[in-house]
Amino acid sequence: MQSNKLGWILLAPTLVILFFFGVLPFIYVVYVSFHSWNPFAANPDMVFNWADNFRRIVFDEEFLNSVGVTVMFVFFAVLSELIVGYFLAQAFMKEFPGKAIFRTIHTLPLIMAPIIVGSVWKLMTTPSIGIIPHYLDEWFGISMNIGTSAPTAFATIVLMDVWHWTPLVTLTLIAALVSLPPDPFEQAQIDGANKRQIFWHITLPMIAPAVVATVFIRLMDALRTVDEVWMLTGGGPGSATRFVGVHIFKEVFPKTNYGYGSTISVIVLYLTIVACWLLYVTMLAPRTKKKG
Amino acid sequence: MNFALKLGTSALAISVVATSAYADDAFWRKAAEPYQGVTLRGVTESSPPSLYIREVLAPQFEELTGIRVDVETTSWDQMFDKAIKDMEAGTGIYDMVYIEQDIIYSYLARDFLVDTTQLLADNPALKAPTYDEANFTTFADYFEDAEGHLYGIPMEAFIKVYLYRTDLFGDAEIQAAFKAETGRDLVPATTHEEYAEIARFFTKWGEDHDLDLWGTTAQAHTGHVASWYEYYESIAPTFGVYNWGIDAANNYAASVANGGTMNSDEAKEAMTWWLSMRDIAPPESPASTWTEVGTTFGAGRAAQGLVYGENAGWIAADKEKSLVVGNVGVALPPLAEGVMEAAEAGEGYIGYYDGGAFGLPSTSKQKEAAMLFLQYIGQNEVQPDWAVAAPRVTNKNTYDDPKVQAMNEELGGYYDMLKDKGYLFAGAPAYPFHAQVREATAPTFYKILIGDLGVSEGLDEMAAKAEAELTNLGYRK
């Protein structure tokens with residue numbers, strides 16, 4: 001009983017901070033989402049409008065488009081990071097000359113702020129001055145212009161995200177792989193299992209919790225991507241890279257549509273929770289159930 | 001005798017100037033006495049004029065008065081974001097905010113700003129002897145209310161001009177080739193047809209001679225509002241489409257069906273022409289905002305283009321940044337028939353008169369001290385060096401200063417044009433819903449740029465979206 005009380009006392013500062021900086025703002029956003037509120041409208045006051053904003057969102061083509069491109073971005077980016085990250089983690093499990101230097105260089109993108117990453121990639125991809133379009137043209141005769149080609153802009157952003165975040169995936173998977181006991185692998189080899197069988201039946205199930213945790217982190221990060229995209233394409237060309245974070249930013253800040261912008265934020269939070277729950281149910285829950 | 005007379009006159013002049021400067025210094029010191037220890041905070045766009053305030057004027061003022069001034073220079077988007085949030089929430093972080101000419105009406109509608117005329121009238125002890133609203137050019141009118149009260153101290157003003165390369169236009173070989181191809185002399189264009197002809201000629205000339213040279217610039221970013229602004233502020237007016245095609249007097253109509261011109265034949269012709277220019281501009285144009293257009297021109301990659309005046313200075317004179325120093329000329333933008341006559345008659349305009357002022361937020365906790373600083377930067381005395389460091393003119397007598405006149409030569413007569421032809425240009429229309437309509441229509445605009453929508457269909461959709469947004473905001477009944 002006494003230790004329980006001590007626990008609450010120790011937790012109290014965190015809970016207070018969480019309440020004021022996490023829960024309270026969220027409640028306020030939910031409250032605003034039921035209002036029409038644009039300070040530059042003819043009536044700048046907050047007006048309660050029931051669920052009008054939520055009804056509007058269902059028919060909002062720009063929002064639905066932004067959700068669509070975000071889902072595509074999350075799928076391609078996170079999947080690529082997982083695959084590339086796994087192979088890199090496996091490579092780092094082995095000894096090779098210059099491994100320490102390579103591993104340090106490989107993790108450098110992680111320490112860069114997203115806005116810097118966006119700036120660097122903008123410099124690298126701007127037609128005429130960027131190194132990537134220059135060499136693509138010189139070596140392969142390929143004309144690359146992220147200002148005019150929607151698929152190119154989208155692919156560039158996926159590539160930029162992969163470059164930025166794969167090191168995180170690699171590091172978490174290295175940690176998972178290092179912690180695996182050698183016995184099951186030795187046993188499988190004695191029983192004549194090949195590499196693919198070992199991967200599917202031993203390695204993957206054993207590192208699944210780490211994979212799921214990594215995917216959760218990357219999924220949530222990718223869903224709120226704004227800075228890099230803002231810097232690189234501004235959401236263009238057209239709406240090709242107007243991800244949901246960029247869409248919310250444009251709705252809330254330049255357009256000052258606080259009410260509707262809050263509604264979009266609430267819906268996006270809900271979609272993120274649902275996506276994470278689905279991921280948990282499909283990837284981790286069956287394992288937990290089997291164990292039970 | 002003559003020498004003695006000259007010496008005596010000079011001594012008298014120096015002593016008058018020195019005495020008056022001393023008297024002025026005395027005013028600032030005395031007026032600042034109640035505000036010792038105060039720190040003023042301002043937020044502005046990171047532009048050459050603003051950097052001059054931060055690096056030169058703020059330290060000078062601090063040395064003179066003891067009032068510290070911290071000027072935060074940031075990106076255009078961030079500047080508005082920070083200022084609006086501060087004024088909306090009433091936190092009072094900022095004592096001075098940059099007001100771009102096009103946002104002033106939104107700020108006034110929300111009572112965000114202090115009436116500086118009234119503040120000085122109510123506090124005569126604050127009024128600097130060297131500050132006078134009458135010193136400002138007519139650009140200050142954009143920051144006044146109906147009663148002529150000033151809500152922002154003008155700090156930068158420039159027009160978006162037609163820049164051209166004098167070295168290329170004056171090259172005998174190029175002139176001969178142009179004449180042979182077109183049958184006319186190579187001179188700056190006055191019509192869209194001429195402009196397009198020159199643009200096509202130079203783009204082809206660059207290709208034929210393996211040069212990184214194109215015939216025109218284009219501020220045509222496919223995901224940034226800079227392209228929207230280029231079209232509505234610089235291109236559409238030259239075809240006779242004014243105020244974004246919205247008729248405020250006619251229930252804020254945007255579509256032709258309701259009395260607007262956003263999707264008029266002239267608007268469609270303007271867009272088609274502009275896109276055709278974009279297609280022969282340097283390849284970076286679809287990723288270019290106003291900054292990159294200046295960079296493109298300064299790098300010598302375009303023979304002509306519409307460039308914001310704030311960039312004209314460094315393009316024409318800064319050898320460290322520009323490759324075309326001494327080779328820049330200025331002209332009025334090319335126009336459709338009847339547009340110049342309409343502008344002369346005050347019924348239209350030929351381009352964008354850009355600029356901004358420093359305003360005093362109603363939420364500021366140091367209004368009086370901030371008003372002192374605003375007067376300091378509005379004095380005639382500080383203007384010439386500022387105009388040389390960054391090509392902007394806000395006070396009438398700045399044009400006559402020898403330093404500014406020398407700079408005018410370097411800029412190919414830019415200041416003369418600003419002074420003599422500035423009245424033909426106009427700032428943004430007096431809409432309190434500036435950013436809202438822009439953002440509501442921008443996604444469609446970008447679709448036109450990348451070809452997802454045709455010009456006609458796209459402008460029809462934009463007009464419909466503008467009207468829907470105006471209805472939603474409660475302006476259109």
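Key figures for this structure:
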| quantity | calculated |
| --- | --- |
| Residues located in region A:32-71, provided they are touching an Asp or Glu at 6+ places or on another chain (Cβ under 8 Å) and of a type in the set (A, V, I, L, M, F, W, C) | A:37 |
| Only one of B:196, B:236 that is away from chain A (no Cβ under 14 Å), crowded, with 24+ Cβ neighbours inside 10 Å, at pLDDT 95 or above and at negative phi | B:236 |
| Among (1) touching a residue at least 40 places away in the same chain (Cβ under 8 Å); (2) over 18 Å from residue B:285 (Cβ atoms); (3) within 14 Å of another protein chain (Cβ to nearest Cβ) - the single one residue A:163 does not satisfy | (3) |
| Residue among A:204, A:168, A:173, A:180 that is more than 19 Å from residue A:71 (Cα to Cα) and either within 14 Å of chain B (Cβ to nearest Cβ) or not in a helix (DSSP H, G or I) (or both) | A:180 |
| Hey, residue B:164 within 23 Å of the chain's Cα centre (by Cα), under 30 Å from residue B:213 (Cβ atoms) and surrounded by 15 or more Cβ atoms within 10 Å (Cβ to Cβ) or not | yes |
| Total residues in region A:209-243, condition within 14 Å of another protein chain (Cβ to nearest Cβ) and β-branched (Val, Ile, Thr) | 4 |
| Unmet criterion (only one of (1) away from every other protein chain (no Cβ under 14 Å); (2) more than 20 Å from residue B:234 (Cβ to Cβ)) for residue B:391 | (2) |
| Pick from region B:337-355, criterion surrounded by fewer than 20 Cβ atoms within 10 Å (Cβ to Cβ) and of a type outside the set (A, V, I, L, M, F, W, C), ranking: nearest to residue B:274 (Cα to Cα) | B:337 |
| Those helices (runs of 4 or more DSSP H) lying entirely in region B:38-136 with at least 1 residues within 14 Å of another protein chain (Cβ to nearest Cβ) | B:76-89, B:104-109 |
| Scope region B:434-474; condition over 20 Å from residue A:254 (Cβ atoms) and at the interface with chain A (Cβ under 10 Å from one of its Cβ atoms); matching residues | B:450, B:451, B:452, B:453 |
| Complete set of residues in region A:126-150 that are without any contact (Cβ under 8 Å) to a residue 12 or more places away in the chain and part of a helix (DSSP H, G or I) | A:131, A:134, A:135, A:136, A:137, A:138, A:139, A:140 |
| Residue among A:111, A:157, A:190, A:101 that alone is closer than 28 Å to residue A:65 by Cβ and aliphatic (A, V, I, L, M) | A:157 |
| Members of region A:238-254 that are crowded, with 20+ Cβ neighbours inside 10 Å and either aromatic (Phe, Trp, Tyr) or farther than 18 Å from residue A:34 by Cα (or both) | A:238, A:239, A:240, A:241, A:242, A:243, A:244, A:245, A:246, A:247, A:249, A:250 |
| Residue within region B:314-336 that is surrounded by 22 or more Cβ atoms within 10 Å (Cβ to Cβ), out of contact with any helix residue (DSSP H, G or I) (no Cβ under 6 Å at 6 or more places or on another chain) and touching a residue at least 24 places away in the same chain (Cβ under 8 Å) present | no |
| Single residue of region B:251-287 satisfying the filter (among the hydroxyl-bearing types (Ser, Thr, Tyr) and assigned to a helix (DSSP H, G or I)) that is farthest from the other protein chains (Cβ to nearest Cβ) | B:272 |
| Selected residue [out of contact with any Leu (no Cβ under 7 Å at 6 or more places or on another chain), part of a loop (DSSP other than H, G, I, E, B) and of a type outside the set (Lys, Arg)] from B:167, B:185, B:141 | B:185 |
| Every pair of residues 6+ apart whose Cβ atoms lie under 7 Å, when the first sits in region B:434-457 and is assigned by TED's automatic domain parsing to the domain that holds residue B:227 while the second is of a type in the set (Asp, Glu) and assigned to a helix (DSSP H, G or I) | B:434/B:102; B:436/B:469; B:437/B:469; B:440/B:469; B:443/A:62; B:444/B:461; B:453/B:461 |
| Qualifying residue in region B:417-429 (condition: within 14 Å of chain A (Cβ to nearest Cβ), closer than 29 Å to residue B:257 by Cα and surrounded by fewer than 21 Cβ atoms within 10 Å (Cβ to Cβ)) | no |
| One residue from B:379, B:304 being in the same structural domain as residue B:245 (by TED's automatic domain parsing) and either surrounded by fewer than 24 Cβ atoms within 10 Å (Cβ to Cβ) or at pLDDT 95 or above (or both) | B:304 |
| Output for region A:250-265, where each listed residue is in contact with a Gly (Cβ under 9 Å, 6 or more places away or on another chain) and either small (Gly, Ala, Ser) or within 9 Å of chain B (Cβ to nearest Cβ) (or both) | A:250, A:251, A:253, A:255 |
| Selection within region A:216-235 - surrounded by fewer than 20 Cβ atoms within 10 Å (Cβ to Cβ) and not in a loop (DSSP other than H, G, I, E, B) | A:216, A:217, A:219, A:220, A:221, A:227, A:231 |
| Qualifying positions in region A:1-60 - of a type in the set (Asp, Glu) and either farther than 21 Å from residue B:433 by Cα or surrounded by 12 or more Cβ atoms within 10 Å (Cβ to Cβ) (or both) | A:52, A:60 |
| Any pair with Cβ under 6 angstrom, 6 or more apart, that starts in region B:350-377 at a residue that is among the aromatic types (Phe, Trp, Tyr) and ends at one that is part of a loop (DSSP other than H, G, I, E, B) | B:353/B:425; B:353/B:427 |
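Every residue, every condition in (1) more than 30 Å from residue B:473 (Cβ to Cβ); (2) part of a helix (DSSP H, G or I); (3) hydroxyl-bearing (Ser, Thr, Tyr); (4) out of contact with any Asp or Glu (no Cβ under 7 Å at 6 or more places or on another chain), yes or no:
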site: A:8; (1), (2), (3), (4): yes, yes, no, yes
site: A:30; (1), (2), (3), (4): no, yes, no, yes
site: A:80; (1), (2), (3), (4): yes, yes, yes, yes
site: A:87; (1), (2), (3), (4): yes, yes, no, yes
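Residue-by-condition table, conditions (1) under 14 Å from residue A:259 (Cβ atoms); (2) at pLDDT below 95; (3) touching a helix residue (DSSP H, G or I) at 6+ places or on another chain (Cβ under 9 Å):
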position: A:2; (1), (2), (3): no, yes, no
position: A:16; (1), (2), (3): no, no, no
position: A:27; (1), (2), (3): no, no, no
position: A:38; (1), (2), (3): yes, yes, yes
position: A:45; (1), (2), (3): yes, yes, no
position: A:60; (1), (2), (3): yes, yes, yes
position: A:72; (1), (2), (3): no, no, yes
position: A:77; (1), (2), (3): no, no, yes
position: A:80; (1), (2), (3): no, no, yes
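The values are calculated or read from the model by the stated rules, or taken from the named source; none is laboratory data. As the structure is a computational prediction, the values presented were derived from the model and not from experiment. Please note: Cβ atoms are built from the backbone with ideal geometry, for glycine as well, and neighbour counts cover all protein chains shown.
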